[in-house]
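Notes to accompany the following structure.
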Amino acid sequence: MLTVYNIKEEDVRGYIFYFDVTKEKLDNFITSTKKIIEFINKNLINLPSSVIPENVVDIEGKNTEGTLEKPINKYPQVFLNPKAYELFEKLHETYKSTKNPLADYSFIYRMMIIDGLILDSYKPQMFINWLSKKDYSIHIDKIKTLEKCKTDSKIQTYNITKKLLKIK
């Protein structure tokens, strides 16, 4: 005869309950769990890197810091994607200390607009205002035309940097 009990939380302290678990059921559960963890970890690594936080710990507790590329588009209102932002950052590192920021940043803006890496809606005055903010502190009063700011060395630097970042 089977007796059914209504068990309340306060009644279970100090008691061990046994469940009908066979070795086969447990093995199936473990196998399924491992497959789920593999799937999650595989898809975590393949997520767009803008979604992955800097210090990621996978489900099994392994620290994955330094094993994932983490380009993040810090300014999605300006740049098309994380690679475009990364290109700007590399070019900024190259040109931030030059004596002619007007020509250099005009060139960067014009080339990235032509390549579709800066959003079309981000107009020159918006770029000028954005550059002057705390992150960059680059002060220019206008954006020159491409013809007035390009040089062979700037074009070469731009193209090489794009190629290194695997931007088409």
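Residue by residue, here is whether (1) of a type in the set (D, E); (2) exposed (fewer than 11 other Cβ atoms within 10 Å of the Cβ); (3) modelled with pLDDT of 95 or more holds:
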position	(1), (2), (3)
P71	no, no, no
K96	no, no, no
F107	no, no, yes
R110	no, no, yes
I114	no, yes, yes
S132	no, no, no
K148	no, no, yes
L165	no, no, no
K168	no, yes, no
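Restricting attention to the range 106-117, does a residue exist that is charged (D, E, K, R) and assigned to a loop (DSSP other than H, G, I, E, B)?
Scanning the range 106-117 turns up at least one residue that is charged (D, E, K, R) and assigned to a loop (DSSP other than H, G, I, E, B).
Would you tally the residues in the range 96-105 being more than 20 Å from E86 (Cβ to Cβ) and either part of a helix (DSSP H, G or I) or charged (D, E, K, R) (or both)?
The number of residues fulfilling the criteria is 4.
Do any residues in the range 138-154 that are more than 9 Å from F107 (Cβ to Cβ) have Cβ atoms under 9 Å from those of residues that are crowded, with 17+ Cβ neighbours inside 10 Å and of a type in the set (S, T, N, Q), where the two are at least six apart or on different chains, and which pairs are they?
What qualifies is I140/S106; K142/S106; I143/S106; T145/S106; K148/S106.
The values are calculated or read from the model by the stated rules, or taken from the named source; none is laboratory data. Nothing here was measured: the structure is a model prediction, and the numbers come from that model. All Cβ positions, glycine included, derive from the backbone under ideal geometry; neighbour counts span all protein chains shown.
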